[in-house]
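Chemist: Could you have a look at this structure, given as structure tokens, before my questions?
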Amino acid sequence: MDSQCQVEFRKILEGQRQTLIQKIQQKKRELRAEKTKRTFHRSDDSSDTVSDGIAESVQDEIVVALIQSMSDELHKIDNALWRLERGGYGSCSECGEMIAERRLQLLPYAARCKKCQEIHEAAAEQNERRQRDEFNLFDDSDSNSQS
Ligand SMILES: [Zn+2]
């Protein structure tokens, strides 16, 4: 990859980084505002807090998960910028092969080539499925004990 290309990718990454930081800050502010509002609401009216509380905490979890995934993305972008700085940008972190430029255009912070990414994702998915199965197990036993 020539230096002209690297400059282009750096520009894209810096732009994405700024956008992402702003989004994360905005979401964090929303979360804090929601929590403050709720505290006031609770002290006003305590009659319906149980069902409200559940719905709100699910909403919070979604926002927290969103912030988490955006932070992960930010981390990947930082990593890519670091590799642009130190060298190694554009080559796969697993096998060392050059990552196809078309792939980098779609995903400038890609750290793996397509092949290694697919292997990595398959492993992650398997892991996730295993966790989900355990979770479902708890879910089932919960509903059984209730009825
Ligand atoms: Zn690879």
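Chemist: May I ask you to list the residues in the range 62-90 that are of a type in the set (A, V, I, L, M, F, W, C) and in contact (Cβ under 8 Å) with a residue 24 or more places away in the chain? Quick ask: steps written out before the conclusion?
Modeler: Keep residues of the range 62-90 that are of a type in the set (A, V, I, L, M, F, W, C), which gives 62-67, 70, 74, 77, 80-82, 84.
Of everything in the range 62-90, those that are of a type in the set (A, V, I, L, M, F, W, C) and in contact (Cβ under 8 Å) with a residue 24 or more places away in the chain turn out to be 63, 64, 66, 67, 70, 74, 77, 80, 81, 84.
Chemist: Could you list, in sequence order, the residues of the range 48-69 that are among the β-branched types (Val, Ile, Thr), surrounded by 12 or more Cβ atoms within 10 Å (Cβ to Cβ) and at pLDDT 85 or above? Working first, answer last.
Modeler: As a first pass, look at the range 48-69 and keep what is among the β-branched types (Val, Ile, Thr): 49-50, 54, 58, 62-64, 67.
Among the residues that remain, those that are also surrounded by 12 or more Cβ atoms within 10 Å (Cβ to Cβ) are: 49, 63-64, 67.
Those that are among the β-branched types (Val, Ile, Thr), surrounded by 12 or more Cβ atoms within 10 Å (Cβ to Cβ) and at pLDDT 85 or above: 63, 64, 67.
Residue-by-condition table, conditions (1) within 14 Å of the ligand (Cβ to nearest atom); (2) farther than 17 Å from residue 5 by Cβ; (3) among the β-branched types (Val, Ile, Thr):
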residue	(1), (2), (3)
86	no, no, no
95	yes, yes, no
117	yes, yes, no
124	no, yes, no
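Chemist: What pairs can you find where one residue is in the range 24-43 and farther than 13 Å from residue 59 by Cα, the other is in a helix (DSSP H, G or I) and modelled with pLDDT under 90, and their Cβ atoms are less than 9 Å apart, with a gap of 6+ or different chains?
Modeler: Final answer for the pair search is 41/49; 41/52; 42/49; 42/52; 42/53.
Chemist: Would you confirm whether or not the range 114-124 contains a residue that is in a loop (DSSP other than H, G, I, E, B) and either in contact with a helix residue (DSSP H, G or I) (Cβ under 7 Å, 6 or more places away or on another chain) or modelled with pLDDT under 95 (or both)? Let's see the steps before the verdict.
Modeler: Step one: filter the range 114-124 for residues in a loop (DSSP other than H, G, I, E, B), giving none.
Looking through the range 114-124, none of the residues is in a loop (DSSP other than H, G, I, E, B) and either in contact with a helix residue (DSSP H, G or I) (Cβ under 7 Å, 6 or more places away or on another chain) or modelled with pLDDT under 95 (or both).
Chemist: While we're on this one: Give the residue that is nearest to the chain's Cα centre (by Cα), with candidates limited to residues of the range 99-109 that are part of a loop (DSSP other than H, G, I, E, B) and either near the ligand (Cβ under 8 Å from one of its atoms) or in contact (Cβ under 8 Å) with a residue 24 or more places away in the chain (or both). If you could, list the steps in order and put the result at the bottom.
Modeler: First pass over the range 99-109, keeping only residues part of a loop (DSSP other than H, G, I, E, B): 99-100, 107-109.
Still in the list and also either near the ligand (Cβ under 8 Å from one of its atoms) or in contact (Cβ under 8 Å) with a residue 24 or more places away in the chain (or both): 99, 108-109.
Working: 99: 22, 108: 16, 109: 13 Å.
Result: 109.
Chemist: Name the single residue, out of those in the range 80-98 being on the phi < 0 side of the Ramachandran plot and surrounded by 15 or more Cβ atoms within 10 Å (Cβ to Cβ), that is nearest to the chain's Cα centre (by Cα).
Modeler: Keep residues of the range 80-98 that are on the phi < 0 side of the Ramachandran plot, which gives 80-86, 89, 91-95, 97-98.
After this cut, where a residue has to be surrounded by 15 or more Cβ atoms within 10 Å (Cβ to Cβ) as well, the list is 80-81, 83-84, 89, 91-93.
Numbers: 80: 16, 81: 18, 83: 20, 84: 22, 89: 21, 91: 23, 92: 21, 93: 20 Å.
So the residue we want is 80.
The values are calculated or read from the model by the stated rules, or taken from the named source; none is laboratory data. Fair warning: this is a prediction, and the values are worked out from it, not measured in the lab. Note that we place each Cβ from the backbone using ideal geometry, even for glycine, and neighbour counts take in every protein chain shown.
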